[in-house]
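Okay, so here's the structure we're looking at.
The values are calculated or read from the model by the stated rules, or taken from the named source; none is laboratory data. Note that the coordinates shown come from a computational prediction; the quantities given were computed from them, not determined experimentally. Quick reminder, even Gly has a Cβ in these numbers, built from the backbone with ideal geometry, and neighbours come from all protein chains shown. SASA here: full protein model, heavy atoms, side chains in, ligands and nucleic acids out. Shrake-Rupley method; radii C 1.70, N 1.55, O 1.52, S 1.80 Å.
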Amino acid sequence: MAIVDNPKSPLIAKLEGVHLWHFEGAPCAQRVRFALVERGLRRGREVPWYSDKPVDCVGEPGRWVSRHVSLIKKDHITPEYAAIQPNMVVPALVHDGVLHIESMDIVKYVDDHWPGEKLIPADPERLNLNDDLVTQAKALHRSVRFVSFRWGLRSLGKLNAKEEAQLKQLEQQDSPEKMAEFYSGFDSGTIPQAVYLDHLRRLEAGYARIDGLLDGDGRRFLTGATLTPADIIWSLSVLRISECGYPFAEHYPALADWYGRISQRPGFREGVMARNRFLSGAFKAKAAVENLFGKGLRQASQLPVSA
Ligand SMILES: N[C@@H](CCC(=O)N[C@@H](CS)C(=O)NCC(=O)O)C(=O)O
């Protein structure tokens, strides 16, 4: 379980209740918001992400305090945020002064510690499949990053020279996120197209597995009749890549039907999309125009990796 012992920021120890550092459009943060709502925890007050005012440090029962970190303004590439989240990414969650990082560990923590119906299945066969699918989706997160920066964010995702220098200085040597390495290649435009296409192909192999699972026995969710963490992590990968213009319904019809069911869930509607509709819609509209002009992810999905 990813608990951070002795966090650098003095803010952490002051916090009571549940506080979530997140960004509306970030899949990793969306995973946690989805799970929180499904497990009966609603969004509560919005406070500045750095606030240590006594009134902002106390949560309300049954609700989480929202501490929104703008990845657009690069709030996360600051010494103050690095002192809260040592890997400088969202999400981070504090529950009664204890800091948790790693989105899927947070989902498990919430599922284990709140009363009510669990997301993690008890049946051993379903549990094994859930764990395997979660592991696969986590391993593919780097591919989501490459594909969504290349065909979604494009130049909007670039850091300026000052931000890049700040990131290099602040990122810990052993950070699993390797953000400085990624941004140095992305910002300078030196990552070959074949690398991006290879990441796209890896994702497609994952989506083909999901499509195959759902195509067989009419199951509603990935491991059976109920929603699990595997559904959460995979559906948010689909959301992000569909915002980049990927034609899921054409390539993976069973997956697209399942995604339609997921998008009706309270966790998705309220936790993921309630305040994300505009940003998500804007990305989809931009991607549709790029597809129309032959420069989008739809076209990339038809290219050989050597292109
Ligand atoms: N392993 C981490 C990954 C977190 C992560 O990659 N977060 C992304 C958003 S999905 C982020 O904060 N990225 C910052 C950036 O790209 O500059 C987790 O699952 O919590």
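Taking region 182-222 as the range and being within 20 Å of the chain's Cα centre (by Cα) and over 21 Å from Cys244 (Cα atoms) as the test, the residues that pass are Phe221, Leu222.
Count of region 264-295 residues, restricted to those that are within 19 Å of Arg42 (Cβ to Cβ) and assigned to a loop (DSSP other than H, G, I, E, B), is 5.
Residue by residue, here is whether (1) surrounded by 16 or more Cβ atoms within 10 Å (Cβ to Cβ); (2) touching a Cys at 6+ places or on another chain (Cβ under 9 Å) holds:
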residue: Ala122; (1), (2): no, no
residue: Phe146; (1), (2): yes, no
residue: Arg150; (1), (2): yes, yes
residue: Leu159; (1), (2): yes, no
residue: Ala165; (1), (2): no, no
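Name the residue that is farthest from the ligand (Cβ to nearest atom), counting only residues in region 73-115 that are of a type in the set (Asp, Glu) and open to solvent by 20 Å² or more (accessible area, probe 1.4 Å). Ranking the qualifying residues of region 73-115, first place goes to Asp96.
Scanning region 1-36 for residues that are away from the ligand (no atom under 16 Å from the Cβ) and either open to solvent by less than 10 Å² (accessible area, probe 1.4 Å) or of a type in the set (A, V, I, L, M) (or both) yields a total of 5. Annotation note: of Ala254, Ala285, Ala274, Ala230, the sole residue that is assigned by TED's automatic domain parsing to the domain that holds Val147, touching a Gly at 6+ places or on another chain (Cβ under 9 Å) and at pLDDT 95 or above is Ala254. The residue that is nearest to Arg42 (Cα to Cα), among those in region 227-263 that are of a type in the set (Ser, Thr, Tyr) and surrounded by 15 or more Cβ atoms within 10 Å (Cβ to Cβ), is Thr228. Gly59 falls short on exactly one of the conditions (1) under 13 Å from Leu15 (Cα atoms); (2) touching an Asp or Glu at 6+ places or on another chain (Cβ under 8 Å); (3) within 16 Å of the ligand (Cβ to nearest atom), and that condition is (3).
Pairing each residue of region 75-92 that is without any contact (Cβ under 8 Å) to a residue 60 or more places away in the chain with any residue that is part of a helix (DSSP H, G or I) and within 12 Å of the ligand (Cβ to nearest atom), provided the two are 6+ apart or on different chains, yields C-beta distances under 7 Å for Asp75/Tyr81. Checking Arg67, Arg45 one by one, the residue that is outside the structural domain of Lys138 (by TED's automatic domain parsing), assigned to a strand (DSSP E or B) and open to solvent by 20 Å² or more (accessible area, probe 1.4 Å) is Arg45 and no other. For region 205-226, a residue qualifies if it is assigned to a helix (DSSP H, G or I) and open to solvent by 20 Å² or more (accessible area, probe 1.4 Å), and the qualifying residues are Ala205, Ala208, Arg209, Asp211, Gly212, Leu213, Asp215, Gly216.
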